[in-house]
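Colleague: Here's a structure for you.
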Amino acid sequence: MIFNPQKECENKESRKKMQFALLKNLVEHVYNSVPFYKAKFDAAGIKPADIKCLEDIAKLPFTTKSDLRETYPYGLLAVPQADIVEIHMSSGTTGTPVVDAYTERDLDDWAEAMARTLSGAGACHTDTVQNAYGYGLFTGGMGVHHGAKKLGATIIPISSGNTEKQLMLMRDFNTTLFSCTPSYAMYMAERAKELGIDIKSLPVRAGLFGAEPWSEGIRKKIEEDWNIKAYDVYGLTEITGPGVAFECEYQAGMHVNEDLFYPEIINPDTGEPVPDGTKGELVFTTLTKQGTPLIRYRTRDITFIIPEECSCGRTTRRIHRLFGRTDDMLIIRGVNVFPSQIENALVEIHGVEPNYQIIVDRNAQTHLDDAELHVEVSESQFSDETKDLESLRSKIDNVMKSKLGIHLKIKLVEPKSIERSTGKSKRVIDKRTY
Ligand code: DLL
């Protein structure tokens, strides 16, 4: 079901007109009410009056994560603090949190975006949504919560963790859709097996997974293990949270809620916009945000805009499943490696699990990078009499060499020995000091 056909299936030209009107208002407003933006625009020699069409957005300066950190906690507020009704933040790996502050209307927009997202995954008011994203400062928990409420579904706000209880409630309360990170969905499946619970027989029909990179191979595995449809959902704290883009029943890229979040793809090196269909860095402008609006925010996420129309009837443009982040890209001995390439390769290899960790360090003598890939052997392979682990190891070595172009040191580790996560998993351990 399409939650808001008027907005989601709107004629593209009239949507563009609306986007331009919103952009113009936004630029005027932030220039006049947020000193940070005034200074930034002045430094770039740009006045709000220079924005004469939607394409002029490219004249505006970018906003970056470090801008957000430097203006912590409330430097980007565009309304009086008394109008803020909720805040969220994410800390990432480098300390100072980035903050998102919402007015009542911002929460409505978020609920709308997430209600569309849940509808894309086939949910409606008769469904029971078990929300296993973390509640708290993280946007996953409250984002799904606001959306499910708007949809009129029954919400089980269990948050992440407590796996046995998750499985029990799914059965007892007839959960039809659940939401969590893809790695936690995999862990739940593993734990259910240990407990002798047949998850295929649970009433769950669909899952809403995101907040971390995952591959088509992992989607297939989750869909098979759970006997559900697994939908991708994208978002980030800075741009409201989950619900920026979501998959419909065709599971072929994520529809951007374009009336709320205006997407661009740029070349990350030059900052120049690239045409639809070309891979680059995703940039968003929050068209309707009141609390902490962002202009041309560089997400560092890599994808492309799918130029073709979707058969579902929505006219909103789609982004391809994310390829990784510009800052997740490891440069190992000069070769660019994305963790997603490793995952894609591992799901094709029989005898191992797509549970891995890559540990990168710099050799003190040679000053060269050493990368060691830890891969979990599957239970069946491990208990196999012949345990031909050496040939498995060399197979992984060859596959990685051909897919990545470099040799990684491969270390096979015992089943279930890599730490499991109930939230975002940690795949890369970079010990290099730069
Ligand atoms: O992870 C918001 C969210 C919650 C999205 C629940 C989806 C579901 P942050 O903690 O700020 O916010 O992290 C945002 O996570 O820039 C991406 O790099 C990554 N990410 C989010 N969704 C996806 C996805 C939330 N579907 C950062 N695929 C983003 C790949 C994703 N990466």
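The values are calculated or read from the model by the stated rules, or taken from the named source; none is laboratory data. It should be emphasised that the depicted structure is a prediction, and the values quoted were computed from it without experimental measurement. Here the Cβ is made from the backbone with ideal geometry for all residues, glycine too, and neighbour counts use every protein chain on show.
Colleague: May I ask you to verify whether P275 is surrounded by fewer than 18 Cβ atoms within 10 Å (Cβ to Cβ), more than 11 Å from the ligand (Cβ to nearest atom) and not in a helix (DSSP H, G or I)?
Modeller: Against the criterion (surrounded by fewer than 18 Cβ atoms within 10 Å (Cβ to Cβ), more than 11 Å from the ligand (Cβ to nearest atom) and not in a helix (DSSP H, G or I)), P275 qualifies.
Colleague: Has region 299-313 got any residue that is away from the ligand (no atom under 15 Å from the Cβ) and at pLDDT below 95?
Modeller: yes
Colleague: Write out, first by first residue and then by second, each pair whose Cβ atoms fall under 6 Å of each other, whose residues are 6+ apart or on separate chains, and whose first residue, in region 307-323, is without any contact (Cβ under 8 Å) to a residue 40 or more places away in the chain while the second is of a type outside the set (D, E) and in a loop (DSSP other than H, G, I, E, B).
Modeller: Listed pairs, sorted by first residue: P307/G277.
Colleague: Now for a separate question. Within region 170-181, identify whether any single residue is outside any loop (DSSP other than H, G, I, E, B), in contact (Cβ under 8 Å) with a residue 60 or more places away in the chain and within 15 Å of the ligand (Cβ to nearest atom), and answer yes or no. Break it down into steps so the answer makes sense when it comes.
Modeller: Of region 170-181, the ones outside any loop (DSSP other than H, G, I, E, B) are 170-172, 177-180.
Next, from what is left, pick out any that are in contact (Cβ under 8 Å) with a residue 60 or more places away in the chain: 180.
Then drop every residue that is not within 15 Å of the ligand (Cβ to nearest atom), which leaves 180.
For region 170-181, residues outside any loop (DSSP other than H, G, I, E, B), in contact (Cβ under 8 Å) with a residue 60 or more places away in the chain and within 15 Å of the ligand (Cβ to nearest atom): present.
Colleague: Going by the structure shown, is E164 surrounded by fewer than 19 Cβ atoms within 10 Å (Cβ to Cβ), at pLDDT below 95 and of a type in the set (D, E, K, R)? Quick ask: steps written out before the conclusion?
Modeller: Details: surrounded by fewer than 19 Cβ atoms within 10 Å (Cβ to Cβ): yes; at pLDDT below 95: no; of a type in the set (D, E, K, R): yes.
No; evaluated as a whole, the condition is false for this residue.
Colleague: Something else: From the list E258, E281, which residue is within 13 Å of the ligand (Cβ to nearest atom), among the acidic types (D, E) and crowded, with 21+ Cβ neighbours inside 10 Å?
Modeller: Working: E258 fails: within 13 Å of the ligand (Cβ to nearest atom).
Result of the check over E258, E281: E281.
Colleague: Going through region 115-149 one residue at a time, which ones are of a type in the set (D, E, K, R) and touching a residue at least 60 places away in the same chain (Cβ under 8 Å)?
Modeller: Within region 115-149, the first condition is being of a type in the set (D, E, K, R), and the residues that meet it are 116, 127, 149.
The one that is of a type in the set (D, E, K, R) and touching a residue at least 60 places away in the same chain (Cβ under 8 Å): R116.
Colleague: While we're looking at this one, here's another question. Restricting to region 131-149, what's the tally of residues that are farther than 15 Å from V233 by Cβ and more than 10 Å from the ligand (Cβ to nearest atom)?
Modeller: Residues that pass the stated criteria total 3.
Colleague: Looking only at region 367-381, filter to residues that are in a helix (DSSP H, G or I) and in contact with a Lys or Arg (Cβ under 9 Å, 6 or more places away or on another chain); which one of those is farthest from E414 (Cα to Cα)?
Modeller: Applying the filter and picking the extreme gives Q381.
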